[in-house]
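Visitor: Below: one structure in structure tokens.
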Amino acid sequence: MKKYVYPKGIAGELLGQMVSYVYDCEVCFIDDSCIDTSLESFKHELTANGETIFLAWDKRSTLNDSTARILINKLNIYGIKYHYDSFFMISKMTANKLYNQIKSKKWDKVVAIEVSGMANDKHIGFLDDCLMSNDIKILYLCGTNLAYNRVINKIKTNNLAEVAFAVCMPCYYLELIDFVRCITKVSWTYKNNYIPTICIGHSLSDFSNINLDLYSKNFDYLCISGKCYMPNNSVGGGGI
């Protein structure tokens, strides 16, 4: 079975990884940067087979809205069908498959950790290692392919398959993961309203004057470094 993702790019590669996980299939990337992979080259194959492609447009992030409109126009001109909200659709399917897999593993105590790839996720420190050493299972939710590959390499190298699992999941859809004990995240997107959400702040961020009431929609708990690590040696006050 083959599924089509358009275009490639960072968002497309992330979506492709999710599509591959959900459908257990080969993913074919369509991208206009090269004539051999362009929509023009694939249009007859797609229309003849009645394919519906996955448009790599993360509507919640709004980062590539203008590009998405150009791509949608091309798809309409060629009469090619596409999933309008691919990221939400595949994220829901990813969450459902994850739930069933974790249930089949009979994992009870599970903590989800978002890894975005920012600064190689160094500010997470050894949180995952500490949790696993205390009989906690880890579900890594990776916001980029780079972060996913790094985590997968860690799991394989250290034989952690019995205590850790990783999938790609954009930060804007983490509320779909409602079957773990809690979720720790590094992005400042909205919190998960179904389970405790812990935001791990980067040590270079100045939380000394943050108004927690304004950010209550983003997290339940904010974890920050000690005052000696704060910018300008601030006193702090963001809360722990």
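Visitor: Roughly how tilted is helix 65-78, in degrees to the nearest 10 and between 0 and 90, from the longest Cα axis of the chain?
Guide: 20
Visitor: How big is the Rg/Rh ratio for the range 106-233, C-alpha atoms only, Rh by Kirkwood, two decimals?
Guide: 0.96
Visitor: Report the relative contact order of the chain, percent, no decimals, based on alpha-carbon pairs under 8 angstrom and at least 6 residues apart.
Guide: 14
Visitor: Moving on. At 7 Å along the Cα-to-beta-carbon direction for both Lys106 and Asn193, put a label point, then send me their distance in nm to one decimal.
Guide: 3.6
Visitor: If packing is taken as the mean number of other Cβ atoms within 10 Å per residue, what is the order of 188-196, 122-130, 169-177, highest first?
Guide: Peptide ranking by packing, descending: 169-177, 188-196, 122-130.
Visitor: Which value results for Rg/Rh of the range 61-141 when Rg is the Cα radius of gyration and Rh the Kirkwood radius based on the inverse mean 1/r? Don't jump to the answer; show the numbers that get you there.
Guide: Numbers: Rg = 18.7 Å, Rh = 16.2 Å.
Rounded to two decimals, Rg over Rh is 1.16.
Visitor: Okay, moving on. So which lysines can Lys122 reach, going by Cα to Cα under 16 Å and dropping same-chain residues fewer than 8 places off?
Guide: Output for Lys122: Lys154, Lys185.
Visitor: Once the Cα atoms of helix 145-157 and of the chain are each reduced to a long axis, what angle between those two axes, in degrees from 0 to 90 to the nearest 10, is obtained?
Guide: 70
Visitor: Peptides 213-223, 111-121: what's the order by average Cβ count within 10 Å, highest mean first?
Guide: Top to bottom by mean Cβ count within 10 Å: 111-121, 213-223.
Visitor: So how much slack lies between Asp220 and Tyr99, counting 0.36 nm per residue of separation and subtracting their Cα-Cα distance, in nm?
Guide: 41.3 nm
Visitor: Also, I was wondering about something else. Enter the angle in degrees (range 0 to 90, nearest 10) between the Cα long axis of helix 39-48 and the first principal axis of the Cα atoms of the chain, meaning the one along which they spread out most.
Guide: Relative to the chain, helix 39-48 is tipped by roughly 70 degrees.
Visitor: Could you bin all the Cα-Cα distances of the range 2-84 into 5 Å bins starting at 0 and give me the percent of pairs in each, rounded to whole numbers?
Guide: Per 5 Å bin, starting at zero, the Cα-Cα P(r) for the range 2-84 comes out as 3, 16, 28, 28, 18, 7, 1 percent.
Visitor: Trp57's amide H: which non-local residues (gap 5+, or another chain) put their own amide H closer than 5 Å, with H modeled 1.01 Å from N in plane and none for Pro or chain starts?
Guide: Ser86, Phe87
Visitor: Over the Cα atoms of the chain, what radius of gyration and what Dmax do you get, in Å?
Guide: 19.8, 65
Where a number appears in this text, it was derived from the coordinates with a stated rule and is not lab data. All figures in this text were calculated on a predicted structure; none of them were measured in a lab. Virtual Cβ from ideal backbone geometry, glycine too; neighbours counted across all protein chains shown.
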